[in-house]
1. Report the full-extension gain for the segment residue 284 to residue 130: residue separation times 0.36 nm, less the Cα-Cα distance, to one decimal in nm.
2. Which residues in segment 100-117 place their backbone N less than 16 Å from a point set 7 Å from the Cα of residue 60 along the Cα-to-Cβ direction?
3. Which cross-chain or sequence-distant (5 or more) residues have an amide H under 5 Å from the amide H of residue 362, H modelled 1.01 Å from N in plane?
4. Can you list the equivalent-ellipsoid semi-axes of segment 239-292, largest first and in whole Å, using the square root of 5 times each Cα gyration tensor eigenvalue?
5. Using θ = phi - 60° and the Karplus curve 6.51 cos²θ - 1.76 cosθ + 1.60, what whole-Hz ³J(HN,Hα) does each residue of segment 214-224 get, with Gly and Pro shown as x?
6. Karplus couplings for segment 16-28 from phi (6.51 cos²θ - 1.76 cosθ + 1.60, θ = phi - 60°), rounded to Hz, Gly and Pro as x?
7. Given H placed on each backbone N at 1.01 Å, which residues far from residue 130 in sequence or on other chains put an amide H within less than 5 Å of it?
8. Determine the share of segment 170-285's accessible area contributed by carbon and sulfur atoms, expressed in whole percent, with a 1.4 angstrom probe.
Amino acid sequence: ILGEHLRICPQGYTCCTSEMEENFANKSRSEFEAMLKEAGRAVQTTLTAQHRSFDSYFQDLLNKSEKALYDAFPSMYGELYTQNMKVFKDLYSELRRYYRGSNINLEEALNEFWTRLLERLFKLLNPQYHITDEYLDCMVKHAEQHKPFGEVPRDLKVKATRAFIAARSYAQGFLVGSDVVKKVSQVSLSHECTRAIMKLMYCPHCRGMSSVKPCNNYCLNVVKGCLANQADLNTEWKYLMDSLVVVADRIDGPYNVDTVIGTIHMRIAEAISNLQENKDSLTAKVFQGCGNPKISTKGSSSEDKKRRGKVALEAKSSAQALEMLVLDAKGNLTALKTYWITLPGSLCSKKVMASSAADDKCWNGMTRGSYLPEVMGDGLANQINNPEVEVDITKPDMTIRQQIMQLKIMTNRLGNANIGNDVDFQDASDDMSGSGSGDSCPDDVCGKRLSKSPSTRQPETHAIPKQSGHGINGASSRSSPSAFLLLLSVAFIAAQHLWR
(Lines give C-alpha, C1' and ligand atoms only; values in the text may rest on other atoms or scores of the structure.)
Protein backbone atom coordinates (compact mmCIF):
# COMPACT_ATOMS: atom_id res chain seq x y z
CA ILE A 1 0.00 0.00 0.00
CA LEU A 2 1.02 3.65 -0.26
CA GLY A 3 3.00 4.79 2.78
CA GLU A 4 1.61 8.31 3.20
CA HIS A 5 0.43 7.37 6.70
CA LEU A 6 3.94 6.45 7.90
CA ARG A 7 5.57 8.85 10.38
CA ILE A 8 9.01 7.22 10.76
CA CYS A 9 9.71 4.98 7.76
CA PRO A 10 10.12 6.24 4.13
CA GLN A 11 6.73 7.01 2.61
CA GLY A 12 6.97 4.83 -0.50
CA TYR A 13 5.08 1.63 -1.02
CA THR A 14 4.95 -0.23 2.29
CA CYS A 15 3.78 -3.42 3.98
CA CYS A 16 3.05 -1.57 7.28
CA THR A 17 -0.02 0.13 8.66
CA SER A 18 0.28 2.97 11.17
CA GLU A 19 -0.42 0.50 13.99
CA MET A 20 2.32 -1.84 12.74
CA GLU A 21 4.79 1.03 12.53
CA GLU A 22 3.97 2.03 16.13
CA ASN A 23 4.35 -1.57 17.30
CA PHE A 24 7.70 -1.84 15.52
CA ALA A 25 8.83 1.42 17.16
CA ASN A 26 8.00 0.06 20.62
CA LYS A 27 9.62 -3.26 19.82
CA SER A 28 12.83 -1.66 18.54
CA ARG A 29 13.03 0.58 21.62
CA SER A 30 12.65 -2.30 24.07
CA GLU A 31 15.09 -4.47 22.13
CA PHE A 32 17.75 -1.73 21.99
CA GLU A 33 17.38 -0.96 25.70
CA ALA A 34 17.72 -4.70 26.41
CA MET A 35 20.92 -4.77 24.32
CA LEU A 36 22.36 -1.90 26.36
CA LYS A 37 21.47 -3.53 29.67
CA GLU A 38 22.90 -6.86 28.57
CA ALA A 39 26.19 -5.21 27.57
CA GLY A 40 26.22 -3.31 30.87
CA ARG A 41 25.50 -6.44 32.89
CA ALA A 42 28.53 -8.13 31.38
CA VAL A 43 30.73 -5.25 32.60
CA GLN A 44 29.03 -5.22 36.00
CA THR A 45 29.56 -8.96 36.34
CA THR A 46 33.27 -8.59 35.57
CA LEU A 47 33.78 -5.75 38.06
CA THR A 48 31.75 -7.32 40.88
CA ALA A 49 33.54 -10.64 40.37
CA GLN A 50 36.89 -8.86 40.72
CA HIS A 51 35.66 -7.14 43.87
CA ARG A 52 34.37 -10.39 45.31
CA SER A 53 37.65 -12.20 44.64
CA PHE A 54 39.80 -9.52 46.24
CA ASP A 55 37.41 -8.92 49.13
CA SER A 56 37.35 -12.64 49.94
CA TYR A 57 41.14 -12.84 49.75
CA PHE A 58 41.66 -9.78 51.97
CA GLN A 59 39.10 -10.78 54.58
CA ASP A 60 40.64 -14.26 54.70
CA LEU A 61 44.08 -12.74 55.37
CA LEU A 62 42.70 -10.74 58.28
CA ASN A 63 40.72 -13.69 59.67
CA LYS A 64 43.74 -16.00 59.57
CA SER A 65 45.92 -13.44 61.35
CA GLU A 66 43.31 -12.98 64.08
CA LYS A 67 42.82 -16.75 64.47
CA ALA A 68 46.58 -17.31 64.72
CA LEU A 69 46.69 -14.71 67.51
CA TYR A 70 43.83 -16.36 69.42
CA ASP A 71 45.37 -19.81 68.98
CA ALA A 72 48.92 -18.97 70.05
CA PHE A 73 48.71 -16.09 72.53
CA PRO A 74 47.12 -17.94 75.49
CA SER A 75 50.04 -20.36 75.69
CA MET A 76 52.58 -17.61 74.99
CA TYR A 77 51.41 -14.97 77.44
CA GLY A 78 48.84 -16.48 79.80
CA GLU A 79 47.18 -13.67 81.76
CA LEU A 80 48.90 -11.08 79.62
CA TYR A 81 46.57 -12.28 76.88
CA THR A 82 43.49 -13.65 78.64
CA GLN A 83 42.97 -10.49 80.71
CA ASN A 84 43.44 -8.29 77.66
CA MET A 85 41.60 -10.28 75.01
CA LYS A 86 39.18 -7.42 74.33
CA VAL A 87 42.05 -5.10 73.35
CA PHE A 88 43.06 -7.49 70.56
CA LYS A 89 39.47 -8.16 69.47
CA ASP A 90 38.78 -4.43 69.30
CA LEU A 91 41.83 -3.88 67.09
CA TYR A 92 40.74 -6.44 64.49
CA SER A 93 37.19 -5.11 64.69
CA GLU A 94 38.41 -1.58 63.94
CA LEU A 95 40.56 -2.82 61.06
CA ARG A 96 37.55 -4.56 59.52
CA ARG A 97 35.32 -1.54 59.99
CA TYR A 98 37.88 0.67 58.30
CA TYR A 99 38.23 -1.67 55.34
CA ARG A 100 34.45 -1.84 54.92
CA GLY A 101 34.22 1.93 54.67
CA SER A 102 33.58 3.29 58.17
CA ASN A 103 34.84 6.76 58.97
CA ILE A 104 37.78 5.71 61.11
CA ASN A 105 41.18 7.37 61.32
CA LEU A 106 43.35 4.28 60.99
CA GLU A 107 46.49 5.81 62.49
CA GLU A 108 44.55 6.95 65.54
CA ALA A 109 43.00 3.49 65.91
CA LEU A 110 46.44 1.87 65.91
CA ASN A 111 47.80 4.45 68.36
CA GLU A 112 44.85 3.78 70.65
CA PHE A 113 45.53 0.04 70.50
CA TRP A 114 49.17 0.41 71.56
CA THR A 115 48.22 2.85 74.33
CA ARG A 116 45.54 0.55 75.76
CA LEU A 117 47.85 -2.46 75.49
CA LEU A 118 50.67 -0.62 77.25
CA GLU A 119 48.39 0.42 80.10
CA ARG A 120 47.08 -3.11 80.61
CA LEU A 121 50.45 -4.82 80.32
CA PHE A 122 52.22 -2.33 82.59
CA LYS A 123 49.75 -3.15 85.35
CA LEU A 124 50.07 -6.90 84.79
CA LEU A 125 53.87 -6.74 84.68
CA ASN A 126 53.91 -4.79 87.96
CA PRO A 127 51.21 -6.57 90.03
CA GLN A 128 52.90 -5.64 93.34
CA TYR A 129 51.89 -1.99 92.85
CA HIS A 130 48.54 -0.26 93.04
CA ILE A 131 48.45 1.71 89.79
CA THR A 132 45.65 4.25 89.38
CA ASP A 133 44.22 5.64 86.13
CA GLU A 134 45.94 8.97 86.84
CA TYR A 135 49.25 7.18 87.21
CA LEU A 136 48.66 5.32 83.93
CA ASP A 137 48.15 8.64 82.14
CA CYS A 138 51.52 9.81 83.43
CA MET A 139 53.10 6.44 82.61
CA VAL A 140 51.96 6.61 78.98
CA LYS A 141 53.44 10.09 78.54
CA HIS A 142 56.79 9.02 79.95
CA ALA A 143 56.88 5.56 78.39
CA GLU A 144 56.19 6.55 74.77
CA GLN A 145 59.47 8.42 74.43
CA HIS A 146 61.30 5.25 75.51
CA LYS A 147 59.61 3.10 72.83
CA PRO A 148 58.35 0.33 75.14
CA PHE A 149 57.35 -1.87 72.19
CA GLY A 150 60.48 -1.10 70.20
CA GLU A 151 60.05 0.01 66.56
CA VAL A 152 57.05 -2.25 65.93
CA PRO A 153 54.23 0.33 66.43
CA ARG A 154 55.82 2.91 64.13
CA ASP A 155 56.74 0.33 61.48
CA LEU A 156 53.34 -1.35 61.57
CA LYS A 157 51.52 1.99 61.42
CA VAL A 158 53.34 3.03 58.27
CA LYS A 159 52.94 -0.31 56.50
CA ALA A 160 49.44 -1.20 57.68
CA THR A 161 47.90 2.18 56.92
CA ARG A 162 49.28 2.14 53.39
CA ALA A 163 48.13 -1.43 52.82
CA PHE A 164 44.64 -0.81 54.23
CA ILE A 165 44.19 2.49 52.38
CA ALA A 166 45.16 0.82 49.11
CA ALA A 167 43.01 -2.27 49.76
CA ARG A 168 39.93 -0.28 50.74
CA SER A 169 40.16 2.07 47.78
CA TYR A 170 40.88 -0.79 45.40
CA ALA A 171 37.87 -2.83 46.55
CA GLN A 172 35.58 0.21 46.46
CA GLY A 173 36.80 1.19 42.99
CA PHE A 174 35.32 -1.97 41.48
CA LEU A 175 31.96 -1.33 43.18
CA VAL A 176 31.84 2.30 42.06
CA GLY A 177 32.64 1.26 38.47
CA SER A 178 29.87 -1.34 38.55
CA ASP A 179 27.42 1.13 40.07
CA VAL A 180 28.17 3.70 37.36
CA VAL A 181 27.46 1.15 34.62
CA LYS A 182 24.22 0.13 36.32
CA LYS A 183 22.93 3.69 36.61
CA VAL A 184 23.96 4.64 33.06
CA SER A 185 22.30 1.51 31.65
CA GLN A 186 18.99 2.72 33.09
CA VAL A 187 19.05 6.03 31.21
CA SER A 188 16.00 6.12 28.90
CA LEU A 189 16.28 6.80 25.18
CA SER A 190 15.20 10.12 23.72
CA HIS A 191 12.22 10.39 21.35
CA GLU A 192 14.57 11.20 18.47
CA CYS A 193 16.69 8.16 19.27
CA THR A 194 13.63 5.88 19.38
CA ARG A 195 12.64 7.02 15.89
CA ALA A 196 16.18 6.48 14.58
CA ILE A 197 16.41 2.99 16.09
CA MET A 198 13.05 2.05 14.55
CA LYS A 199 14.17 3.30 11.14
CA LEU A 200 17.40 1.35 11.46
CA MET A 201 15.99 -1.97 12.65
CA TYR A 202 12.44 -2.35 11.34
CA CYS A 203 11.78 0.04 8.46
CA PRO A 204 13.38 -2.54 6.08
CA HIS A 205 10.54 -4.89 7.10
CA CYS A 206 7.98 -2.27 6.11
CA ARG A 207 9.64 -2.07 2.68
CA GLY A 208 9.56 -5.82 2.22
CA MET A 209 13.31 -6.14 2.85
CA SER A 210 13.30 -8.06 6.11
CA SER A 211 16.44 -10.01 5.13
CA VAL A 212 18.48 -6.89 4.28
CA LYS A 213 20.93 -5.91 7.03
CA PRO A 214 21.54 -2.25 8.00
CA CYS A 215 24.73 -0.67 6.60
CA ASN A 216 27.44 -0.69 9.27
CA ASN A 217 28.26 3.04 9.04
CA TYR A 218 24.55 3.83 9.13
CA CYS A 219 24.18 1.76 12.30
CA LEU A 220 27.21 3.46 13.85
CA ASN A 221 25.77 6.93 13.27
CA VAL A 222 22.44 5.95 14.81
CA VAL A 223 23.98 4.31 17.88
CA LYS A 224 26.60 7.03 18.36
CA GLY A 225 23.82 9.61 18.29
CA CYS A 226 21.74 7.63 20.78
CA LEU A 227 24.71 6.98 23.08
CA ALA A 228 26.39 10.37 22.72
CA ASN A 229 26.21 11.12 26.45
CA GLN A 230 27.42 7.64 27.39
CA ALA A 231 30.51 8.08 25.23
CA ASP A 232 31.42 11.15 27.30
CA LEU A 233 32.12 8.78 30.19
CA ASN A 234 35.12 7.49 28.26
CA THR A 235 37.82 9.81 29.60
CA GLU A 236 37.02 9.44 33.29
CA TRP A 237 36.27 5.74 32.85
CA LYS A 238 39.74 5.16 31.40
CA TYR A 239 41.29 7.10 34.25
CA LEU A 240 39.46 4.90 36.77
CA MET A 241 40.59 1.69 35.06
CA ASP A 242 44.19 2.98 34.89
CA SER A 243 44.11 4.05 38.53
CA LEU A 244 42.86 0.62 39.63
CA VAL A 245 45.74 -0.99 37.73
CA VAL A 246 48.24 1.32 39.43
CA VAL A 247 46.87 0.55 42.91
CA ALA A 248 46.81 -3.17 42.06
CA ASP A 249 50.57 -2.92 41.49
CA ARG A 250 50.95 -1.25 44.90
CA ILE A 251 48.92 -3.98 46.59
CA ASP A 252 51.15 -6.64 45.10
CA GLY A 253 54.27 -4.50 45.47
CA PRO A 254 55.37 -1.84 47.96
CA TYR A 255 52.12 -1.99 49.99
CA ASN A 256 51.99 -5.79 49.83
CA VAL A 257 48.85 -6.82 51.69
CA ASP A 258 49.94 -10.44 51.95
CA THR A 259 53.09 -9.51 53.87
CA VAL A 260 51.55 -6.76 56.00
CA ILE A 261 48.03 -7.96 56.83
CA GLY A 262 48.96 -11.61 57.15
CA THR A 263 51.61 -10.90 59.80
CA ILE A 264 49.83 -8.45 62.13
CA HIS A 265 49.68 -11.07 64.91
CA MET A 266 53.41 -11.70 64.57
CA ARG A 267 54.20 -8.00 64.89
CA ILE A 268 52.04 -7.76 68.03
CA ALA A 269 53.87 -10.76 69.53
CA GLU A 270 57.20 -9.12 68.69
CA ALA A 271 56.06 -5.90 70.36
CA ILE A 272 54.95 -7.68 73.57
CA SER A 273 58.25 -9.54 73.65
CA ASN A 274 60.11 -6.23 73.40
CA LEU A 275 58.08 -4.86 76.32
CA GLN A 276 58.79 -7.91 78.48
CA GLU A 277 62.53 -7.71 77.79
CA ASN A 278 62.63 -3.99 78.59
CA LYS A 279 60.30 -4.22 81.57
CA ASP A 280 62.83 -3.37 84.30
CA SER A 281 64.43 -0.38 82.58
CA LEU A 282 61.03 0.93 81.45
CA THR A 283 59.58 0.61 84.95
CA ALA A 284 62.56 2.45 86.44
CA LYS A 285 62.18 5.32 83.96
CA VAL A 286 58.44 5.57 84.59
CA PHE A 287 58.97 5.58 88.39
CA GLN A 288 61.56 8.28 87.95
CA GLY A 289 59.18 10.47 85.97
CA CYS A 290 55.89 9.71 87.73
CA GLY A 291 57.01 8.70 91.22
CA ASN A 292 56.72 5.35 92.97
CA PRO A 293 53.17 3.96 93.07
CA LYS A 294 51.79 2.51 96.29
CA ILE A 295 52.42 -1.14 97.12
CA SER A 296 49.38 -3.29 96.41
CA THR A 297 47.83 -5.22 99.29
CA LYS A 298 46.94 -8.10 96.92
CA GLY A 299 50.52 -9.20 96.56
CA SER A 300 52.46 -10.11 93.44
CA SER A 301 51.88 -12.79 90.88
CA SER A 302 54.35 -15.16 89.32
CA GLU A 303 52.31 -15.49 86.15
CA ASP A 304 54.72 -13.41 84.10
CA LYS A 305 57.67 -15.59 85.02
CA LYS A 306 55.79 -18.72 84.07
CA ARG A 307 54.95 -17.39 80.66
CA ARG A 308 58.31 -16.37 79.27
CA GLY A 309 58.54 -19.25 76.81
CA LYS A 310 58.05 -18.35 73.17
CA VAL A 311 55.82 -20.17 70.72
CA ALA A 312 56.82 -20.06 67.09
CA LEU A 313 54.32 -17.97 65.12
CA GLU A 314 53.99 -18.52 61.42
CA ALA A 315 52.28 -16.66 58.63
CA LYS A 316 51.37 -18.79 55.66
CA SER A 317 52.10 -16.78 52.56
CA SER A 318 49.44 -16.45 49.90
CA ALA A 319 51.64 -14.32 47.69
CA GLN A 320 51.02 -16.52 44.65
CA ALA A 321 47.25 -16.19 45.08
CA LEU A 322 47.60 -12.42 45.34
CA GLU A 323 49.76 -12.29 42.23
CA MET A 324 47.17 -14.26 40.27
CA LEU A 325 44.36 -12.03 41.55
CA VAL A 326 46.21 -8.90 40.46
CA LEU A 327 47.13 -10.32 37.06
CA ASP A 328 43.53 -11.34 36.40
CA ALA A 329 42.23 -7.94 37.52
CA LYS A 330 44.71 -6.01 35.37
CA GLY A 331 43.75 -8.05 32.32
CA ASN A 332 40.05 -7.35 32.83
CA LEU A 333 40.60 -3.67 33.61
CA THR A 334 42.67 -3.19 30.46
CA ALA A 335 39.97 -4.90 28.38
CA LEU A 336 37.27 -2.62 29.83
CA LYS A 337 39.13 0.67 29.31
CA THR A 338 37.53 1.48 25.96
CA TYR A 339 34.09 0.06 26.77
CA TRP A 340 32.10 3.27 26.25
CA ILE A 341 33.56 4.22 22.86
CA THR A 342 33.61 0.66 21.49
CA LEU A 343 30.01 0.05 22.60
CA PRO A 344 28.39 1.37 19.38
CA GLY A 345 30.59 -0.83 17.19
CA SER A 346 29.97 -3.81 19.43
CA LEU A 347 26.19 -3.34 19.35
CA CYS A 348 26.13 -2.88 15.58
CA SER A 349 28.24 -5.94 14.81
CA LYS A 350 26.98 -8.35 17.48
CA LYS A 351 23.40 -7.28 18.20
CA VAL A 352 22.02 -5.33 15.25
CA MET A 353 24.00 -7.59 12.89
CA ALA A 354 24.89 -4.72 10.57
CA SER A 355 26.33 -5.43 7.16
CA SER A 356 29.99 -4.83 6.36
CA ALA A 357 31.13 -1.27 5.65
CA ALA A 358 31.85 -2.05 1.99
CA ASP A 359 28.45 -3.64 1.31
CA ASP A 360 26.44 -1.70 -1.28
CA LYS A 361 23.36 -3.88 -0.84
CA CYS A 362 22.58 -2.97 2.76
CA TRP A 363 19.75 -0.92 4.27
CA ASN A 364 20.82 2.74 4.27
CA GLY A 365 17.70 4.16 5.91
CA MET A 366 15.82 4.71 2.67
CA THR A 367 16.42 1.69 0.47
CA ARG A 368 18.91 -1.05 -0.36
CA GLY A 369 22.23 0.49 -1.42
CA SER A 370 25.42 2.15 -0.18
CA TYR A 371 25.55 4.48 2.82
CA LEU A 372 27.43 7.65 1.93
CA PRO A 373 27.51 9.97 5.01
CA GLU A 374 30.65 9.90 7.14
CA VAL A 375 30.67 8.32 10.57
CA MET A 376 30.41 10.81 13.42
CA GLY A 377 32.98 11.04 16.21
CA ASP A 378 32.39 9.92 19.79
CA GLY A 379 30.63 11.98 22.43
CA LEU A 380 27.94 14.64 22.60
CA ALA A 381 29.88 17.49 20.97
CA ASN A 382 30.56 15.44 17.84
CA GLN A 383 26.86 14.83 17.11
CA ILE A 384 26.04 18.36 15.96
CA ASN A 385 25.84 17.21 12.34
CA ASN A 386 24.66 13.63 12.87
CA PRO A 387 22.52 12.85 9.79
CA GLU A 388 20.48 10.13 11.53
CA VAL A 389 19.70 11.38 15.05
CA GLU A 390 18.78 14.91 16.07
CA VAL A 391 20.90 15.54 19.18
CA ASP A 392 20.76 18.70 21.30
CA ILE A 393 24.40 19.08 22.26
CA THR A 394 23.57 21.93 24.66
CA LYS A 395 21.62 19.64 27.03
CA PRO A 396 23.79 16.86 28.44
CA ASP A 397 22.06 14.07 30.35
CA MET A 398 22.17 14.87 34.05
CA THR A 399 22.31 11.27 35.27
CA ILE A 400 25.35 10.59 33.12
CA ARG A 401 27.02 13.86 34.18
CA GLN A 402 26.55 12.76 37.79
CA GLN A 403 28.21 9.43 37.06
CA ILE A 404 31.14 11.21 35.40
CA MET A 405 31.57 13.06 38.70
CA GLN A 406 31.50 9.77 40.58
CA LEU A 407 34.29 8.42 38.39
CA LYS A 408 36.35 11.54 39.11
CA ILE A 409 35.81 11.21 42.85
CA MET A 410 36.85 7.55 42.91
CA THR A 411 39.85 8.16 40.66
CA ASN A 412 41.00 10.98 42.95
CA ARG A 413 40.73 8.66 45.94
CA LEU A 414 42.74 5.96 44.19
CA GLY A 415 45.34 8.59 43.34
CA ASN A 416 45.67 9.42 47.02
CA ALA A 417 45.81 5.73 47.96
CA ASN A 418 48.58 5.29 45.42
CA ILE A 419 50.84 7.52 47.53
CA GLY A 420 49.53 6.35 50.90
CA ASN A 421 47.11 9.23 51.57
CA ASP A 422 43.69 8.58 53.01
CA VAL A 423 40.50 10.14 51.67
CA ASP A 424 37.48 8.91 53.59
CA PHE A 425 34.13 7.92 52.16
CA GLN A 426 30.93 9.73 52.96
CA ASP A 427 27.61 7.95 52.67
CA ALA A 428 25.43 9.72 50.14
CA SER A 429 21.80 9.20 49.23
CA ASP A 430 20.97 8.41 45.62
CA ASP A 431 19.74 11.92 44.90
CA MET A 432 23.18 13.23 45.88
CA SER A 433 25.10 10.57 43.99
CA GLY A 434 26.44 13.17 41.60
CA SER A 435 28.02 15.37 44.26
CA GLY A 436 31.74 15.77 44.56
CA SER A 437 34.53 16.05 42.06
CA GLY A 438 38.18 15.27 41.71
CA ASP A 439 41.15 15.81 39.48
CA SER A 440 41.53 13.17 36.83
CA CYS A 441 44.26 10.68 37.40
CA PRO A 442 45.30 9.09 34.12
CA ASP A 443 48.23 6.89 35.00
CA ASP A 444 51.17 6.34 37.34
CA VAL A 445 51.45 10.10 37.81
CA CYS A 446 48.18 9.79 39.73
CA GLY A 447 49.39 11.19 42.99
CA LYS A 448 52.33 13.34 41.90
CA ARG A 449 50.34 16.54 42.26
CA LEU A 450 49.69 15.64 45.89
CA SER A 451 51.71 15.32 49.05
CA LYS A 452 54.48 12.71 48.89
CA SER A 453 54.25 11.59 52.50
CA PRO A 454 51.74 9.21 54.11
CA SER A 455 48.77 10.87 55.71
CA THR A 456 48.97 11.75 59.38
CA ARG A 457 45.94 14.03 59.35
CA GLN A 458 42.20 13.47 59.61
CA PRO A 459 40.99 11.79 56.41
CA GLU A 460 39.46 13.97 53.69
CA THR A 461 35.93 13.22 52.60
CA HIS A 462 34.22 12.62 49.25
CA ALA A 463 30.76 11.40 48.43
CA ILE A 464 30.25 8.06 46.72
CA PRO A 465 27.19 6.08 45.69
CA LYS A 466 25.61 3.72 48.22
CA GLN A 467 26.77 0.14 47.99
CA SER A 468 24.72 -2.64 49.52
CA GLY A 469 26.42 -4.22 52.49
CA HIS A 470 28.96 -1.42 52.85
CA GLY A 471 28.04 0.97 55.63
CA ILE A 472 29.72 4.32 55.15
CA ASN A 473 29.54 7.18 57.58
CA GLY A 474 30.02 10.84 56.87
CA ALA A 475 32.71 13.17 58.14
CA SER A 476 33.56 16.80 57.67
CA SER A 477 36.29 17.67 55.25
CA ARG A 478 39.51 19.33 56.26
CA SER A 479 41.15 22.12 54.31
CA SER A 480 42.63 20.33 51.35
CA PRO A 481 42.30 19.98 47.58
CA SER A 482 39.30 17.74 48.33
CA ALA A 483 37.50 20.59 50.13
CA PHE A 484 37.46 22.46 46.85
CA LEU A 485 36.12 19.35 45.13
CA LEU A 486 33.21 19.18 47.57
CA LEU A 487 32.37 22.85 47.02
CA LEU A 488 32.40 22.18 43.30
CA SER A 489 30.05 19.24 43.91
CA VAL A 490 27.52 21.39 45.79
CA ALA A 491 27.63 23.98 43.03
CA PHE A 492 27.04 21.27 40.46
CA ILE A 493 23.95 19.93 42.26
CA ALA A 494 22.55 23.45 42.64
CA ALA A 495 23.08 24.10 38.96
CA GLN A 496 21.41 20.80 38.13
CA HIS A 497 18.19 21.75 39.94
CA LEU A 498 18.17 25.20 38.33
CA TRP A 499 18.66 23.61 34.94
CA ARG A 500 15.68 21.34 35.49
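The values are calculated or read from the model by the stated rules, or taken from the named source; none is laboratory data. These numbers come from a predicted model, not from an experiment. All Cβ positions, glycine included, derive from the backbone under ideal geometry; neighbour counts span all protein chains shown. Accessible surface is based on the protein model in full, side chains and every heavy atom, while ligands, DNA and RNA are left aside. Shrake-Rupley method; radii C 1.70, N 1.55, O 1.52, S 1.80 Å.
1. 53.9 nm
2. Under 16 Å, as judged by backbone N against the label point of residue 60, lies no residue of segment 100-117.
3. Those qualifying (amide H under 5 Å, at least 5 residues apart or on another chain) are 369.
4. 43, 14, 6
5. After applying 6.51 cos²θ - 1.76 cosθ + 1.60, I find x, 5, 4, 5, 5, 4, 4, 5, 5, 5, 5 Hz.
6. Here the 3J(HN,Hα) series is 9, 7, 4, 5, 5, 4, 5, 4, 5, 5, 5, 5, 5 Hz.
7. 294, 295, 296
8. Within segment 170-285, the accessible surface is 42 percent carbon and sulfur.
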